[in-house]
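Below: one structure, written as structure tokens.
The values are calculated or read from the model by the stated rules, or taken from the named source; none is laboratory data. These figures come from a predicted structure and were not determined experimentally. Note that we place each Cβ from the backbone using ideal geometry, even for glycine, and neighbour counts take in every protein chain shown. The area values use the complete protein model at the heavy-atom level, side chains included, leaving out ligands, DNA and RNA. Shrake-Rupley method; radii C 1.70, N 1.55, O 1.52, S 1.80 Å.
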Amino acid sequence: MDQPAKLNADSLGIVESVIMGIAGTAPAYSVEITTSTIIGTAGTLSPASILVCGLIMFGIAYAFINMNRALASAGTSYSWVSMVFGRTLGFFAGWALLVLCCVFMVSAMIPAANATLLIFDRPMMNNVHYVTLIAAAWLTVVSAIVVKGVKLTSYVQVVMTIIEGIILLVIIVASFFVFPHAQQHAFSWHWFSPLAFTPAQFASGALVAIFFFYGWDVTMNLSEETRDSNRIPGRAAFWSMVFLMVFFLVFIVIALLGLSDAEIQHYNTNIIFAIAEKLFGPTWGYVAIIAVLLSTVGTVETQMLQFTRTLFAKSRDGALHHRYARLHPRWQTPHVAIFFIWIIGLALLFMSSYLPTINVILQDSITAIGFQICFYLGLTGLACGWYYRKVLTQGPWAAVTHVIWPVASGLFLFFIAVYSIPTFDWATNVVGMGGILIGIVPLLLNRKKIWVARQG
């Protein structure tokens, strides 16, 4: 097989890794499109929902940190679940990540195209085919950057995140000067109380809150390309999670203080635009859109990294065709895997512009991938608990961070996944559960190919 043995090691340090983890969760994009949904579900208890689900996600973060110390692998959940529970369950953990990365990347390109046109050519936003062309152009640019190597990718990500961060910091500071004097919802510490939920209300809010925190684990997918691969990715994941919890709590509070229920419903997926416009006028509303655009492109970039590194690891292990493990001789990136996701992405984008059914599926993808997130992250939490079960006797802190917290978080994610199934419509079920189940086909085909090769 024509491939180097390893990815480009020692390319990333702690700063780039932390920024990758933050960008993977797409702070501005997540706040922009999801705030109105979580406030519509949990109301003024939205901060409590974010806080509790953040603590649950911290349990999964500890699972990733601990498993990465045991085995630093670009395959992350696939590699670890395979190591602990066997290759079949590991295959599906990795497959769920591949499907959700693919769907999320494509669905996120549409908001990126809309944001681009909102800034430069607003009347064309109603032209579906033009939006699709802009989305395809963004996907091509991101693919070209990623294929050139993780170092270039990290530089681009750092620049985009700094610009995004400056814009958001100005909005946050101004909000705390202005909104407390004209509160749309009277501030209360009750907003942060998890005891105020009914079980049904908490479960519904959790479905949305979990989506807020998805994506930080890209730091682990890049472990083979990071200096001190067993430690730096874990530290980056930890500090990414700390930052994201604070950021999301702050912005939810700002939205509640500054916007009425009617305004939140009216602006829907343009919450940061609404806040900036209310503070500074229409011009700053458009500046805020730049932050959202950079955040969206940034998360597509990290999703492509997660997809291609997971596909590379599965192919390297023989779980999928070996072609996806081929590395570019100069850039040491899995260029065949990147080309594959670029082609698939373009096909889905252009199909969505001509086939209403595909468009509906992509629109419903946010809910559907929440199911897949719960599946692969939950499996990782359980794998960590089982792998480190002997640590239970080595002191309370080790027991909590290696077994109890990861397992409890994993079980909670499985509960949320099962709870959400009856609420899905047909399109969400197709993407959510169907996307995982279709993995049976490549699993069986690859095993048949291996069996035939051995017989021959």
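Answer yes or no as to whether R227 is out of contact with any Asp or Glu (no Cβ under 7 Å at 6 or more places or on another chain) and more than 22 Å from Q372 (Cα to Cα).
Spelling it out, it is not the case that R227 is out of contact with any Asp or Glu (no Cβ under 7 Å at 6 or more places or on another chain) and more than 22 Å from Q372 (Cα to Cα).
Residue under question is I33, and the condition is that it be part of a helix (DSSP H, G or I), at pLDDT 90 or above and open to solvent by 20 Å² or more (accessible area, probe 1.4 Å); does it hold?
no
For the stretch 393-417, what are the residues that are more than 21 Å from G234 (Cβ to Cβ) and either outside any helix (DSSP H, G or I) or more than 19 Å from the chain's Cα centre (by Cα) (or both)?
Once the filter is applied, which keeps residues that are more than 21 Å from G234 (Cβ to Cβ) and either outside any helix (DSSP H, G or I) or more than 19 Å from the chain's Cα centre (by Cα) (or both), the stretch 393-417 yields T393, L411, F415.
Search the stretch 437-450 for residues that are of a type in the set (G, A, S) and pair each with any residue that is surrounded by 12 or more Cβ atoms within 10 Å (Cβ to Cβ) when their beta-carbon atoms are under 7 Å apart and the residues are at least 6 apart or on different chains.
G439/F91; G439/F92; G439/W95
Quick one: would you say I344 is surrounded by fewer than 22 Cβ atoms within 10 Å (Cβ to Cβ) and over 21 Å from S36 (Cα atoms)?
Yes, satisfied.
Could you tell me how many of the residues in the stretch 142-154 are open to solvent by 40 Å² or more (accessible area, probe 1.4 Å) and touching a residue at least 24 places away in the same chain (Cβ under 8 Å)?
2
Go through the residues of the stretch 83-90 one by one and say whether even a single one is part of a helix (DSSP H, G or I) and crowded, with 23+ Cβ neighbours inside 10 Å.
yes
Which of the helices (runs of 4 or more DSSP H) found entirely inside the stretch 160-258 contain at least 3 residues meeting this: under 21 Å from I289 (Cα atoms) and at pLDDT 90 or above?
232-258
From F58, F64, F92, grab the single residue that is modelled with pLDDT of 85 or more and either among the β-branched types (V, I, T) or over 29 Å from H335 (Cβ atoms) (or both).
Selected residue: F58, the only one of F58, F64, F92 that is modelled with pLDDT of 85 or more and either among the β-branched types (V, I, T) or over 29 Å from H335 (Cβ atoms) (or both).
Scan the stretch 40-61 and tell me whether some residue there is in contact with a Lys or Arg (Cβ under 8 Å, 6 or more places away or on another chain), under 26 Å from T296 (Cβ atoms) and not basic (K, R).
no
In the stretch 98-125, how many are open to solvent by 10 Å² or more (accessible area, probe 1.4 Å), without any contact (Cβ under 8 Å) to a residue 60 or more places away in the chain and assigned to a helix (DSSP H, G or I)?
The qualifying residues number 6.
Name the residues in the stretch 276-310 that are in contact (Cβ under 8 Å) with a residue 40 or more places away in the chain and of a type in the set (S, T, Y), would you?
Across the stretch 276-310, the qualifying residues are Y286, S295, T296, T299, T302, T308, T310.
How about the stretch 37-78: which of its residues are open to solvent by 10 Å² or more (accessible area, probe 1.4 Å), more than 19 Å from the chain's Cα centre (by Cα) and in contact (Cβ under 8 Å) with a residue 60 or more places away in the chain?
Within the stretch 37-78, I39, G40, T41, T44, L45, R69, A70, A72 meet the criteria.
A288 - would you say it is over 18 Å from the mean Cα position of the chain (by Cα) and crowded, with 24+ Cβ neighbours inside 10 Å?
Spelling it out, A288 is indeed over 18 Å from the mean Cα position of the chain (by Cα) and crowded, with 24+ Cβ neighbours inside 10 Å.
Give me the residue from the stretch 416-448 that is touching a helix residue (DSSP H, G or I) at 6+ places or on another chain (Cβ under 7 Å) and of a type outside the set (A, V, I, L, M) and, out of that set, surrounded by the most Cβ atoms within 10 Å (Cβ to Cβ).
G432
Looking at (1) in contact with a Phe, Trp or Tyr (Cβ under 7 Å, 6 or more places away or on another chain); (2) under 30 Å from V391 (Cα atoms); (3) of a type in the set (S, T, N, Q), find the lone condition where S79 falls short.
So S79 meets the others, but not (1).
Taking interchain pairs and intrachain pairs at least six residues apart, which have beta carbon atoms under 6 angstrom, with the first residue in the stretch 1-24 and at pLDDT 80 or above and part of a helix (DSSP H, G or I) and the second among the aliphatic types (A, V, I, L, M) and surrounded by fewer than 22 Cβ atoms within 10 Å (Cβ to Cβ)?
That search, which allows pairs on different chains as well, returns I19/V158.
Working only within the stretch 416-428, note down all residues that are touching a residue at least 60 places away in the same chain (Cβ under 8 Å), among the hydrophobic types (A, V, I, L, M, F, W, C) and within 24 Å of G381 (Cα to Cα).
I416
Report the residue count in the stretch 198-232 for those that are of a type outside the set (A, V, I, L, M, F, W, C) and open to solvent by less than 30 Å² (accessible area, probe 1.4 Å).
9
For the stretch 86-95, indicate whether the set of residues that are in contact with a Pro (Cβ under 9 Å, 6 or more places away or on another chain) and under 23 Å from M220 (Cα atoms) is non-empty.
yes
Against the condition open to solvent by 20 Å² or more (accessible area, probe 1.4 Å) and in contact with a Phe, Trp or Tyr (Cβ under 7 Å, 6 or more places away or on another chain), how does I166 come out, does it pass?
no
Here is a list of conditions, (1) outside any helix (DSSP H, G or I); (2) free of Cβ contacts under 8 Å to residues at least 12 places away in the same chain, and T269 meets all of them except one; can you say which number that is?
(2)
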